[in-house]
Amino acid sequence: MVVDDSLDARLLLERMLADAGYEPIYQAQGAEEAFALLATTTDVDAVLLDAVMPDMDGMEACRRIKAAYPDLAVIIVTALAGAADLDHAFAAGANDYIAKPLRQVELLARVRAAVRLKHEMEARADLAHRLEAANRDLERLSGEDALTGLANRRHFDAVLAAEWRRGARNADALAAIMVDIDFFKAFNDHHGHVRGDDALRDVAAILRSAVSRPADLVARYGGEEFVLLLPDTEVDGAGQVAERLRADVEALGIPHPRSRAAPRLTISLGVAGAQPDLEATPGTLIAAADQALYWAKRSGRNCVRRWQGDVPILAKKSERTHAQSGGRRRRSRHM
C-alpha cells in the first residue's frame, strides 16, 4: 500500500513496484483513507508511508498502524534523513525508511527485505501456534488410555493427589470404586483379544456414564481394572453408584460361557470412602477400595463390597433398589 498526499508520488511508487511484480498495489492519499483500506483488506504486506502529510504526519500514522497491525511492515518514505528524523521514525515503529529522491534499486531492496521479514514472522507465529496445539494434544494423550479413551493411571494418580489435598482443605469426603472384569482372561481365551478389547470399551462406556459431575473421574487402572474417583461423596453414595454399574454391565448381556460368576460378562466392585487428611496419603483410600474389591472376588464376584473399618460388607438389597432408581444424587454426608 502506498500512502502519500501527492498523486505523482503515488503513481511513481506504484510503477516501480508493479515493474517488480508486486500486486495488487493499493493507494491512499492520507492516513484516514489508509486506515479504512487496511480494515477491509487482508493481502497487504507492506505500507510505504510518506512522512509529511496534511491530515496526519507519517510518524503518528505509523504508530497507529503498528498498534493495530503489529506484523505489518511499515516503511517511511521521507526527504528528512537526519539521525533525529530516523530515530523518530523507528521510535514510531517503522521497520525501515527510504530517502527521497527515490531510487528504484534501493526501493525494491528495502521492500523485499520488509516483505520477507513479515512472511518470516508469520511463519514463526504459525509454527508457534501449531507447536502449542501439538503440546496440548500430547498433554491430553499422555493422560488418556488409548484403547478406552478414559483417563490412564498417570492422570488418575495426579487427580487423586489434587482431590485429596482439596478434600483435606475443605473437609469434603472422597470416595473411590475399584472395578475388575470377572474372569477376563478366560473371556479373552474363549473369544479372542479383539472381542476382549471390544468388551473393555463396552465396560468403559458404562463406567463413563457414571461421571456426570465435572470433578468425577473414571480411569483405566491397568489391564481389566478400572477406578472411579468421586469427590464430595460418602461411601454410601459411592456404594449406590457401584451397584448401579454392576447391574448395567450385567445388563449388556455379553456372553461369557467360561465365567464362574454368571453366563454373561460381569464386574466386581470395591468401594471405599475417606475424609482426606494431609497426615495420611491418598494411597490409603485406594488400598481400602482394593481390599474391598478383593473381598468381592472372594465372595463369588459380580457383587459390590464396601470398606467399613476392618470389615467390608455387602451392599444391602434395599440400597441396590434405591441405586437403580437414581439414588446417587442424594449422597449421604455421614460416614
Can you tell me how many residues within segment 250-271 are within 38 Å of the chain's Cα centre (by Cα), surrounded by fewer than 24 Cβ atoms within 10 Å (Cβ to Cβ) and within 17 Å of SER299 (Cβ to Cβ)? 2
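Conditions (1) within 18 Å of VAL115 (Cα to Cα); (2) in contact with a helix residue (DSSP H, G or I) (Cβ under 6 Å, 6 or more places away or on another chain), marked per residue:
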position	(1), (2)
LEU38	yes, no
VAL52	no, no
ILE76	yes, yes
LEU80	no, no
Here the residues within segment 132-148 that are in a helix (DSSP H, G or I) and open to solvent by 60 Å² or more (accessible area, probe 1.4 Å) are GLU132, ASN135, ARG136, ASP137, LEU138, GLU139, ARG140, LEU141
Which numbered condition trips up ARG329, out of (1) at pLDDT below 95; (2) open to solvent by less than 50 Å² (accessible area, probe 1.4 Å); (3) under 24 Å from VAL159 (Cβ atoms)? (2)
The lone condition THR78 fails out of (1) modelled with pLDDT of 85 or more; (2) among the β-branched types (Val, Ile, Thr); (3) in contact with a Lys or Arg (Cβ under 7 Å, 6 or more places away or on another chain) is (1)
Residue check: is LEU108 at pLDDT 90 or above and within 30 Å of ARG10 (Cα to Cα)? yes
Kindly check whether there is at least one residue in segment 65-75 that is aromatic (Phe, Trp, Tyr), outside any helix (DSSP H, G or I) and open to solvent by 40 Å² or more (accessible area, probe 1.4 Å). yes
In segment 114-131, how many residues are open to solvent by 40 Å² or more (accessible area, probe 1.4 Å) and either in contact with a strand residue (DSSP E or B) (Cβ under 8 Å, 6 or more places away or on another chain) or under 17 Å from ALA79 (Cβ atoms) (or both)? 1
Selection over segment 150-206 where residues are of a type in the set (Gly, Ala, Ser) and in contact (Cβ under 8 Å) with a residue 60 or more places away in the chain yields a count of 10
For segment 51-64, what are the residues that are more than 37 Å from the chain's Cα centre (by Cα) and surrounded by fewer than 19 Cβ atoms within 10 Å (Cβ to Cβ)? VAL52, PRO54, ASP55, MET56, ASP57, GLU60
ALA292 - would you say it is of a type in the set (A, V, I, L, M, F, W, C), part of a helix (DSSP H, G or I), open to solvent by less than 40 Å² (accessible area, probe 1.4 Å) and under 25 Å from ALA171 (Cα atoms)? yes
For segment 76-97: of the residues being farther than 11 Å from ALA46 by Cβ and part of a strand (DSSP E or B), which is farthest from the chain's Cα centre (by Cα)? THR78
Residues ALA46, ALA79, ALA28, ALA61: which one is touching a strand residue (DSSP E or B) at 6+ places or on another chain (Cβ under 8 Å), aliphatic (A, V, I, L, M), in contact (Cβ under 8 Å) with a residue 40 or more places away in the chain and under 21 Å from MET16 (Cα atoms)? ALA46
Would you please name the residue that is surrounded by the most Cβ atoms within 10 Å (Cβ to Cβ), looking only at residues in segment 6-50 that are closer than 17 Å to CYS62 by Cβ and of a type in the set (D, E, K, R)? ASP50
Report the residue count in segment 161-179 for those that are in contact with a Leu (Cβ under 6 Å, 6 or more places away or on another chain) and open to solvent by less than 10 Å² (accessible area, probe 1.4 Å). 6
Quickly run through segment 222-248 and pick out the residues that are touching an Asp or Glu at 6+ places or on another chain (Cβ under 9 Å), in contact (Cβ under 8 Å) with a residue 60 or more places away in the chain and either farther than 21 Å from ALA173 by Cα or open to solvent by 10 Å² or more (accessible area, probe 1.4 Å) (or both). ASP232, ASP236, GLN240
Given the options VAL105, VAL111, name the one that is open to solvent by 40 Å² or more (accessible area, probe 1.4 Å) and assigned to a helix (DSSP H, G or I). VAL105
Restricting attention to segment 149-158, does a residue exist that is outside any helix (DSSP H, G or I), open to solvent by 20 Å² or more (accessible area, probe 1.4 Å), modelled with pLDDT of 85 or more and under 30 Å from SER209 (Cα atoms)? yes
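The values are calculated or read from the model by the stated rules, or taken from the named source; none is laboratory data. Quick caveat: nothing in here was measured; it's all calculated off a predicted structure. Cβ atoms come from the backbone with ideal geometry, glycine included; neighbour counts cover every protein chain shown. Ligands, DNA and RNA are stripped out before the accessible areas are found, and what is left, the full protein with its side chains, is counted by its heavy atoms. Shrake-Rupley method; radii C 1.70, N 1.55, O 1.52, S 1.80 Å.
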